[in-house]
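Right, one structure below, let's go through it.
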Amino acid sequence: MTTPILSIEDLTDLVAAIFESRGMALADARTVAGVVVAAERDGARSHGLQRMPGYVSSMDCGWVDARAEPRVEQRTPSLLAADAGNGFAQIALARAWDQLAQLARQNGTAVLTIRNAHHFAALWPDVEPFAATGFIALAAVNSRSLMTAWDGTRKVLGTNPVAFACPRPGAPPLVWDQASSTMSQGDVLLHRAAGKPLPPGAGIDRAGQATTEPAAVLDGGALLPFAGAKGGSIAFMVEILTAAFGGGTFGFEDGGAALPGAATSLSNQFLLLLDPAAAGATAFGARVEALLAAIKAGGSRRMPGERRYAARARAATAGIPVEAAVLDELRAFCGTGAPRASR
C-alpha cells in the first residue's frame, strides 16, 4: 500500500483543524500546528504527529485549556514574564515575540519566562526563528518528573531540554536541541511502538534496576541523565531557570500523571536573547564561521541541524509521508472535511 503524502500546507491545515475543533482560536491553532508539522517535516518524528493523541487527550480531559489567553507583563527593561493560562507555551511565546525582540535590540539582551504552560513539542522551533533574524537564542523547558537526579533511583527531574541557536551569515542558523536525559521520552515511545529495546544506560525500572525495556521505563521507571551527573546538573539548572526563577511548578509538583489522558506536562520556559550587534561584535559572523571551519578541519563532518534542514528541503518539494492509519486518526480527531493526501 502506498503511503499517503501531504503537502506541508495541507498537513498544517489538518492539524490546525484538530486544535480548532477543541475551541482554540484559528491563529493559535496554526501556531501550535506549525510546531507539530515542523518536527514531522524536519524528520524529528518523536515530536511530530506521534504526539497528536497526547495533545488531544490533554485537551479533552481538561488538563489543558485550549481557549487560554496568555498574559505578558514587562517586569524590567529587559525581562518579560508570561502566564500561559494553562494553555500551550508556543501561544504565549507568539504573543511575546515582537516585544521580546524589540527589547533585545534596545538593551542587547532580553529574557522571557513562561509559566503555567504546556510544552509538548521540540524546542528548536522556538529559537531558530530568533537566530534567523540575527539573535543568539537559548531556551529551556522543564517537564513532569521523568528522570533521576544525581545517582538517584527514582524520577524527580524532567528530561528538561535545552536548545541553542546561533545566526550565520548567508546560511541557516546553527541550532541544537537536546534533552538532559540519555534519550527523550518521545524516542522511548517510538521504541515501544516499534517493539525495539532501548540502548543500555537509557533507563531503569520501578525497582531502580537497569532495563532496556521501554515499557518498564514508562511504567513506573525512570530515564537516566546523559553523561551521568553532568546531565543531571543541566536538568537541575533548567528547573531553577524555568520554575524557580520563572515562578512555576517543579517537575515533581506536576500532578497530571494521576489524571487519565493528561499526557502533557504543566511546565515552564526560559528564553534568553542576545544581540551581537548591540554588544559591538561587528565581526561576529566571521568569528562564528572561523570556529565552524576549525571544527570541520578537526574531522567533524556534520554540523547540528544539517539533517533537519535537508529533510525540510525534501519536504518542501516532495511533501510529507503520513501513514494511512495516522492520517485516519488525525481526520477522526477533527471530523469530516479534512484535507486529503495530495497523492
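Data for the structure
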item	result
Most positive-pole-ward Cα, Gly248, Thr31, Ile295, against dipole of the chain from beta carbon charges	Ile295
Sites Arg314 and Ala171, calculated FRET efficiency, Cβ-Cβ separation with R0 25 Å, nearest 0.05	0.85
Nearby aspartates and glutamates by direct alpha-carbon distance to Lys296 (threshold 14 angstrom, same-chain neighbours under 8 apart not counted)	Glu306
Antiparallel content of DSSP bridges confined to the chain, in %, to 5	80 percent
Ratio Rg/Rh [Cα only; Rh per Kirkwood] for the stretch 169-277	1.03
Charge dipole of the stretch 1-119 about the Cα centre (unit charges at C-beta), most positive-ward option of Gly43, Ala16, Ala101	Ala101
Phi to ³J(HN,Hα) by Karplus 6.51 cos²θ - 1.76 cosθ + 1.60 over the stretch 68-78, Hz, x for Gly, Pro	4, 10, x, 10, 10, 10, 8, 8, 9, x, 10
Total charge dipole magnitude, the chain, about the Cα centre, Cβ charges on Lys, Arg, Asp, Glu only, Debye to nearest 20	740 debye
Residues of type lysines that Lys230 reaches as a straight line, Cα spacing below 22 Å, ignoring anything fewer than 8 places off in the same chain	Lys155
Selected from Ala193, Ala94, Ala243 as most flexible by GNM, with the chain as the system and alpha-carbon contacts under 10 Å	Ala193
Binned Cα-Cα distance frequencies in the chain - 10 Å width, integer %	6, 24, 33, 27, 9, 1
Label-point separation, Gln74 to Ala258 (7 Å along Cα→Cβ), nm	4.2 nm
Net length gained if the chain between Trp150 and Ala290 were fully extended (0.36 nm per residue, minus Cα distance)	46.7 nm
Percent of alpha-carbon pairs separated by more than 21 Å within the stretch 253-343	70 percent
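Computed from the coordinates by the stated procedures, all read-outs in this text should not be read as laboratory data. Since this is a predicted model, take the numbers as computed values, not measurements. In this analysis, Cβ positions are derived from the backbone assuming ideal geometry, glycine residues included, and neighbour counts consider all displayed protein chains.
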